[in-house]
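Here's the structure we're looking at; comments come further down.
The values are calculated or read from the model by the stated rules, or taken from the named source; none is laboratory data. Remember, predicted model here, so these are calculated numbers, not experimental data. Using ideal geometry, Cβ is built from the backbone for each residue, glycine included, and neighbour counts are taken over all protein chains shown.
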Amino acid sequence: MRLLLAALLTSVALPAMAGEIWVTNEKDDTVSVIDVETLEVVNTYPTGERPRGVTFSKDFSRLYICASDSNTVQVMDPNTGEILHDLPSGEDPEQFVLAPDDRHLYIANEDDAVTTVVDTQSRTVVAQINVGIEPEGMAVSPDGKVAITTSETTNMAHWIDTATQTLFANTLVDARPRHAEFTADGAALWVSSEIGGTITVFETKGQTEIGKVRFAIQGVNQDLVQPVGFKFSPDGAKAFVALGPANHVAVVNTATYEVEKFILVGRRVWHMAYSPDQSQLFTTNGVSGDVTVIDVASEEPIKSIKVGRFPWGAAMRP
Amino acid sequence: MNHLIRTTGLCAAMVLAVALPAGAQQQKPALAVPMVYLRQEVPQPPVLSNLDPIPDDLGIAGAEVALKDNQSTGAFMGQDFSLTVISVPPDGDLPAAARDALAQAQLVLLDGEAAHLMAVTDLPEAKGALFFNVAAGDEALRSDECRANLLHTIPETAARTDALMQVLVARQWSDLAMIVGPTAKDGTFADHLRRSAAKFGLAIAGEVPWTFDTDLRDSTMDEVPRFTQTLPDHDVLLVADPTDDFGRYVLHNTWLPRPVAGSHGLHAEGWASVIEAWGAVQLQNRFEAHAARPMRGEDYAAWTAIRAIGEAVTRTGSADPAALRAYMLSDAFQLDGFKGRALTFRHWNGQMRQPIAVVNDRALVTLAPVAGFLHQRNETDSLGLDEPESRCTAFKE
């Protein structure tokens, strides 16, 4: 009887784990909504053209979507899938990051060599900052004081002082930087280079390079190992790095910068998002058009979920 | 007239000045990186169709787009890239123009035929300079006639025909026939097709020379089927017509319902307007905005040459040709060329190692090397002259 009660309690506790992963489908102009509990697509909503970067407001009441070919950032009500309004974004927004103030979006305008800062409340452009050719990766420090844009052809991380919206440093990285993230304490910045095949680690203070992560997978040609999106583990001890056409996610030890494991996922893996309890990691696989679910504890893939054509960005809603 | 590169409107020297991006920070005195695009204009033979004239700015437009890319990075790094274009008329004095170019810059893109290139690289004034072949696919330039001061960003013709044959092998279309055009260039291209076919184990069962000397355009549907009727059965009909004279009239006019490949139909290029993936759309957009036409292989070769210089200058902090050459030939050099793999230089003959686009007019079929064609060093070295095949010794220190 007591056993039964325990089992009952467990099953009642399950919904707390539930949540959704929202995935942009670049070639379908839709977002797919995956139910974390059932691991099935429960909704598909239309978006503007070529949706890529995607993120939620802090209270998860708004979904921001980079509709690259519509030259706008769309604001969606995630409860209805309705597009509430568009934000001025500059041309060809590809990737963005929401500042810790929950108000300012820093947007990379890929075709324009510009980073646009948009106030999501007044729906106005606050600043435009000239950066290198093909800006893409966007990050903001946990204290909100520094924003980063990486430029794919200029091969730099551009450091933006968010108080003045001006550049205060430009640091070279390897070829075609795609994604940037600060560590949780804000002390370090990681930048992935797709063609260079590396991640460069900078000390935030002083913007000096302090480490380099390299990847080599047995049986995969070195020039197909192309790090793009990545996420740190909840405890910060590891980083999960999507390796594009190498079809693997690398597990990197953040203390030693050594790769501990490669996890096989779908074809051309781009970006990823955690489940609400951070026990699962969902990766978007562009070419195979699916999402791989990775069990974070065992670092094993447990399921593939078919979504739309060319899934790219991913965001979690509890 | 539209096939002859026109000289009017092209100043002997066009200096391009592009404003540096605002917000750029200059931390140290700018390092000047002057570059020259030196072109020997080559008269083009008349062709049947008027549909696709050769653009006047072929190649040059690619260099101009890359210059802007370099200037963007340069603005952040304190490096000032500039480009001068010198175009020599068909009867012009190339050595004099080359001396003029070398007085301005030691980093020179060369656009012309193989003999023109060697006439420049062998000048006494050229000794310390670094040249980039952006136009000539000749094998000799990568083998017996290679030059230590000449790198190649245009793919060798053999790399293109190898890429095409890899696709035919992958499709298991192994029996081939070929129509060979009448000019020397046609013969050379046909020879590359034969050798690439043999390299990948394909058989050319029959060949026929193109002999029509009339304007066929009104009668292709009567003439070409009968002309191709004499060929033995085949999976694919190859056409060797690199100057684009008659090849377009072979498609869909063959006796047997067979795909056409080679210079027409399925063809292999260093770059094509149908490449979309790997961020290529951004480059295509930048190019079209600049030149108001699609980007071609020659434009891409010039773009990669200027970008290779930019990458080497950025990483070494030097504009010295010897330092840049050493860096480009080292393992550290890698250039993103929007083809999904890093572009590097082969250390044995200075050829840029790059994927080749196998395309039709509307879509990319694949980027070669095709999966399954392995190589002990780099799969891309399954395309073109590999180290043991090249007789180049100029790159051995």
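Working carefully through the options A:LYS212, A:LYS231, find the one that is at negative phi, more than 14 Å from chain B (Cβ to nearest Cβ) and not small (Gly, Ala, Ser).
Going through A:LYS212, A:LYS231 in turn, the sole match is A:LYS231.
Hey, among the residues in the range B:374-397 that are surrounded by fewer than 12 Cβ atoms within 10 Å (Cβ to Cβ) and within 17 Å of B:MET328 (Cα to Cα), which one's nearest to the chain's Cα centre (by Cα)?
Here the answer is B:LYS396.
With B:ALA170, B:ALA177 as the choices, which residue is among the small types (Gly, Ala, Ser), part of a strand (DSSP E or B) and either in contact with a His (Cβ under 6 Å, 6 or more places away or on another chain) or more than 15 Å from B:HIS267 (Cβ to Cβ) (or both)?
Of B:ALA170, B:ALA177, the one residue that is among the small types (Gly, Ala, Ser), part of a strand (DSSP E or B) and either in contact with a His (Cβ under 6 Å, 6 or more places away or on another chain) or more than 15 Å from B:HIS267 (Cβ to Cβ) (or both) is B:ALA177.
What are the pairs, 6+ residues apart or on separate chains, where a residue within the range B:63-85 that is within 13 Å of another protein chain (Cβ to nearest Cβ) has its Cβ under 7 Å from a residue that is assigned to a helix (DSSP H, G or I) and basic (Lys, Arg)?
That search, which allows pairs on different chains as well, returns B:VAL65/B:ARG286; B:ALA66/B:ARG307; B:ASP69/B:ARG307; B:ASN70/B:ARG307.
Which numbered condition in (1) more than 21 Å from A:VAL307 (Cβ to Cβ); (2) surrounded by 17 or more Cβ atoms within 10 Å (Cβ to Cβ) is the only one that A:ILE263 fails?
Among (1) more than 21 Å from A:VAL307 (Cβ to Cβ); (2) surrounded by 17 or more Cβ atoms within 10 Å (Cβ to Cβ), A:ILE263 violates only (1).
Give all pairs with beta carbons closer than 6 Å in which a residue from the range A:145-169 that is within 12 Å of chain B (Cβ to nearest Cβ) meets a residue that is of a type in the set (Ser, Thr, Tyr) and part of a strand (DSSP E or B); count only pairs at least 6 apart in sequence or on separate chains.
If the second residue must be of a type in the set (Ser, Thr, Tyr) and part of a strand (DSSP E or B), the pairs left are A:THR149/A:THR115; A:ALA157/A:THR150; A:ALA157/A:THR171; A:HIS158/A:THR149.
Consider B:ASP331 against the criteria (1) outside any helix (DSSP H, G or I); (2) crowded, with 20+ Cβ neighbours inside 10 Å; (3) within 14 Å of chain A (Cβ to nearest Cβ): it satisfies all of them except one. Which criterion is unmet?
(2)
Give just the number: which of (1) part of a loop (DSSP other than H, G, I, E, B); (2) surrounded by fewer than 17 Cβ atoms within 10 Å (Cβ to Cβ); (3) among the acidic types (Asp, Glu) does A:ASP86 not satisfy?
Tallying (1) part of a loop (DSSP other than H, G, I, E, B); (2) surrounded by fewer than 17 Cβ atoms within 10 Å (Cβ to Cβ); (3) among the acidic types (Asp, Glu), A:ASP86 fails exactly one: (1).
Evaluate the following for A:ALA163: is it surrounded by fewer than 20 Cβ atoms within 10 Å (Cβ to Cβ) and either assigned to a strand (DSSP E or B) or among the aromatic types (Phe, Trp, Tyr) (or both)?
So A:ALA163 does not fit the description; no.
Keeping to the range B:339-360, report how many residues are assigned to a loop (DSSP other than H, G, I, E, B), buried (at least 24 other Cβ atoms within 10 Å of the Cβ) and at the interface with chain A (Cβ under 9 Å from one of its Cβ atoms).
Number satisfying all stated conditions: 1.
Take the residues of the range A:222-238 that are out of contact with any His (no Cβ under 9 Å at 6 or more places or on another chain) and assigned to a loop (DSSP other than H, G, I, E, B): which is surrounded by the most Cβ atoms within 10 Å (Cβ to Cβ)?
Checked the range A:222-238; the qualifying residue surrounded by the most Cβ atoms within 10 Å (Cβ to Cβ) is A:GLN226.
Looking at (1) touching a Lys or Arg at 6+ places or on another chain (Cβ under 9 Å); (2) of a type in the set (D, E, K, R); (3) surrounded by fewer than 18 Cβ atoms within 10 Å (Cβ to Cβ), find the lone condition where B:ASP241 falls short.
(3)
Only one of B:ALA326, B:ALA371, B:ALA363, B:ALA289 is surrounded by fewer than 18 Cβ atoms within 10 Å (Cβ to Cβ), modelled with pLDDT of 95 or more, farther than 30 Å from B:ALA105 by Cα and of a type in the set (Gly, Ala, Ser). Can you tell me which? Lay out the reasoning, then the answer.
On the way: B:ALA326 fails: farther than 30 Å from B:ALA105 by Cα; B:ALA371 fails: modelled with pLDDT of 95 or more; B:ALA289 fails: farther than 30 Å from B:ALA105 by Cα.
None of the other options fit; the residue is B:ALA363.
Filter the range A:180-196 down to the residues that are within 13 Å of chain B (Cβ to nearest Cβ) and farther than 22 Å from A:LEU281 by Cα, then identify the one that is surrounded by the fewest Cβ atoms within 10 Å (Cβ to Cβ).
Checking each candidate, the answer is A:GLY196.
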